[in-house]
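A quick write-up on the structure given underneath.
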Amino acid sequence: MLFKVNIANVEGYIYFLFEHKSYPDKGVALQLLRYMIEIWETKMDQDLGEIPIVLPLVVYHGKAEWHIPSSLGSMLNGYSKLPEDLKGYVPNFEYLLYDITTYSDDEIKGDAQTRISLTLLRDILTADTKSLLNSFYRAVSYLNELEDKQTGIEYFKTMIRYVLGSANQLSKGHMEEIIEEIENTFPEGSDLSMTIADILREEGMKKGLEKGLEKGLEEGMEKGRRNSLIEMIEQGLISNFKKVPEDIKEGIHKLDNSVLTVIIMKMMDGEGLTSIEDIREYL
């Protein structure tokens, strides 16, 4: 997020770089440095004059305690023992760490979308099933604050896919509870949640009768995740290139989830997908 700001009575720019982690990553400082350099190189290529200040922030929501030092210098062997006049020749920076698992409901503030995102991120990995469902219901209630109901429905669609795709402990009974709660809290989303429930039943529950309910539900959720990835890619290609050839559409449906995820990341970063033909290398 790039902002034009006043820095000591001079116009300047500050760039906020957010990185999301669900597990402690000892290489995060190097990863952030790489992103910062890419930002600066991009701004230099655009010939915008001076490059912006970059403030790196890590948003963490994993189960394990984050125990990794928050500076690049801490990774460099012997850096702390260098004389101060030599440290000036060695790149070093600190990043801000926001461990949202420690935040209470009252401490999570902002507009509806922000509170929804942080609440679900906080609890998706760390909460038991009951607590996770309560967080989900609380997040759904925030949607009523949005004036644009269509925006609320789109956000709800993302929320329910995220929860169903990430929380493998949810059962058929939980899904029925979710539908009932949504009908009372956010009626606009009840049809969508019922449709997703039907997909889970059709795709997963048939096998669940033979292999056990839990395994069937897991397979249904995996199918839902895959469909979401394919839908995101197709919508992105249509948005960027208007018309998508049929062979590319068919090829996308044959890719495994790891390749689909790579394509989505490329589309989000704007790297390597400048034309419809660039997608063929993945097929």
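Taken together, the values in this text are just the output of simple stated rules run on the coordinates, not laboratory data. Since we're looking at a predicted model, the values are computed, not measured. No Cβ is skipped: glycine too gets one built from the backbone with ideal geometry, and neighbour counts run over all protein chains shown.
Chymotrypsin sites (Phe, Trp or Tyr not before Pro), restricted to region 73-128: which are DSSP loop and have at most 13 other Cβ atoms within 10 Å?
Loop-located and lightly packed - TYR89.
Please compute the net charge surrounding ALA139, taking Lys and Arg as +1 and Asp and Glu as -1 over other residues with Cβ under 10 Å from its Cβ.
+1
Label region 1-102 by shape, choosing from rounded, prolate and oblate, from the square roots a ≥ b ≥ c of the eigenvalues of the Cα gyration tensor; if a/c is under 1.5 it is rounded, and otherwise prolate applies when a/b is larger than b/c, oblate when it is not.
Because a/c hits 1.5 or more and a/b fails to exceed b/c, region 1-102 counts as oblate.
Which of the pairs LYS4/LYS109; LYS4/LYS242; LYS109/LYS242; LYS130/LYS249 have their Cα atoms more than 31 Å apart in this structure?
The pairs that break the limit, which is 31 Å between Cα atoms, are LYS4/LYS242; LYS109/LYS242; LYS130/LYS249.
For ASN77, project a label point 7 Å along Cα to C-beta. Then give me every residue of region 28-42 with its amide nitrogen under 18 Å of that point.
30
Of PHE18, PRO56, VAL28, which is farthest towards the positive pole of region 8-80's charge dipole, taken about the Cα centre with +1 and -1 on the beta-carbons of Lys, Arg and Asp, Glu respectively?
Positive-most Cα among the choices belongs to VAL28.
If R0 is 25 Å, what FRET efficiency do you get for ASP256 and ASP25 from their C-beta distance, rounded to 0.05?
Given R0 = 25 Å and the Cβ-Cβ separation, E is 0.55.
Taking 7 Å along the Cα-to-C-beta vector as the label spot, tell me the LYS130-LEU97 distance in nanometres, rounded to one decimal.
3.2
Tell me the trypsin sites (Lys or Arg not before Pro) within region 91-176 that lie in a loop according to DSSP and have at most 12 other beta-carbon atoms within 10 Å.
Taking region 91-176 and a limit of 12 other Cβ atoms within 10 Å, the loop trypsin sites (Lys or Arg not before Pro) found are LYS109.
Restrict the search to region 42-92; then list the GluC sites (Glu not before Pro) that DSSP places in a loop and that have at most 16 other Cβ atoms within 10 Å of their Cβ.
Passing both the DSSP loop test and the Cβ count: GLU50, GLU65.
Considering only DSSP beta bridges whose two residues both sit in region 1-102, what percent are antiparallel, to the nearest 5?
Close to 35 percent.
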